[in-house]
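Working notes, structure below.
Just so you know, all these numbers are worked out from the coordinates, no wet-lab data involved. This structure is a prediction, so every number in the text was calculated from the model and none was measured. We place every Cβ from the backbone using ideal geometry, glycine too, and count neighbours over all the protein chains shown.
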Ligand SMILES: NC(=O)c1ccc[n+]([C@@H]2O[C@H](COP(=O)([O-])OP(=O)(O)OC[C@H]3O[C@@H](n4cnc5c(N)ncnc54)[C@H](OP(=O)(O)O)[C@@H]3O)[C@@H](O)[C@H]2O)c1
């Protein structure tokens, strides 16, 4: 074998190794769960119970299911008792976890002391502030909104006040135990000024800012507080029976990323806000 042959073979081997390594790296992006398996117990290590607001339908229901599959007992909250009971039975039957139902209407005043009583002495590890209302799907100028005064109160009560009050209820327990995860469901609409949906968009900016501020204040206590931007899914599709499986997978992939990020935060103590 002369020198040229040796050189060409070495070059060939180097090229194969280089692209082999690149391919391997690429599969890490394609199959993250294979490369970075996570402990199934991350969420339950935060505490025994997860509380999910607005959990009788849509994203909240999918979150409740996914957290129960991760070993947590769940408190689900919304206005409609029958729907909550059905979801509680479905979750209980499929995961074997305990599900507690709290019926409440976040549009009303003074509901939180009753909720506080019902959550008393529970070891709450995860809170998902999911409930949120879009006053009107049809875009319109602020003053053209139907029943504007009522709408303003309702959006503030449901999207703003509820989140702040629920954080108020669970944070002391988390602080005492030195751990916990609060997920506040935001929306892409909060990222830029959004005329014609001004009130809703502004309420979601509140979600972002409160999450960031609280994360800064409570990071030293071992509590993770995240605002999560969700994709826009048309509501009629969101509730369609045939889409429930896709919605579950979407939320599960969100939860996977959330778990990965939270794990990294705990491991590296890098409290990125
Ligand atoms: N859908 C989207 O495309 C999208 C995009 C970005 C962000 N988000 C955000 O994601 C969250 C969930 O959205 P979603 O589309 O899943 O909502 P959804 O399907 O309309 O579900 C809302 C849930 O909240 C409950 N709820 C509504 N009003 C309530 C009230 N006043 N008091 C107590 N419970 C109430 C509903 O049950 P009852 O009717 O039985 O009370 C239901 O369980 C919201 O914060 C929303 O802003 C949604």
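Computed over the chain with a Gaussian network model linking Cα atoms closer than 10 Å, the most mobile of 138, 124, 115 is 138.
I need to check one value: relative contact order of the chain, counting alpha carbon pairs closer than 8 Å and at least 6 residues apart, in percent. Once normalised by length, the contact order is 17 percent. The C-alpha atoms of the chain define a longest principal axis, and helix 162-177 lies at about 60 degrees to it. Roughly speaking, what % of Cα-Cα pairs in the chain are separated by over 25 Å, rounded to a whole number? Tail of the P(r) past 25 Å holds 51 percent of the pairs.
Just rank 77, 133, fewest to most, by other beta-carbon atoms within 10 angstrom. Could you put the intermediate results ahead of the total?
Numbers: 77 27, 133 16.
Least crowded to most crowded, the residues run 133, 77.
The relative contact order of the range 120-266, computed from alpha carbon pairs under 8 Å that lie at least 6 residues apart in sequence, is 26 percent. For the range 1-149, dividing the convex hull volume of the Cα atoms by the residue count gives 203 Å³ per residue.
Panel values: the range 113-243, Kirkwood radius from alpha carbon pairs, Stokes-Einstein at 4 °C and 1.567 mPa s, translational diffusion coefficient 81 µm²/s. Axis of helix 58-69 versus longest Cα principal axis of the chain: the two differ by about 60°, to the nearest ten degrees. Helix 198-218 and the long axis of the chain differ in direction by around 70°, with both axes built from C-alpha atoms.
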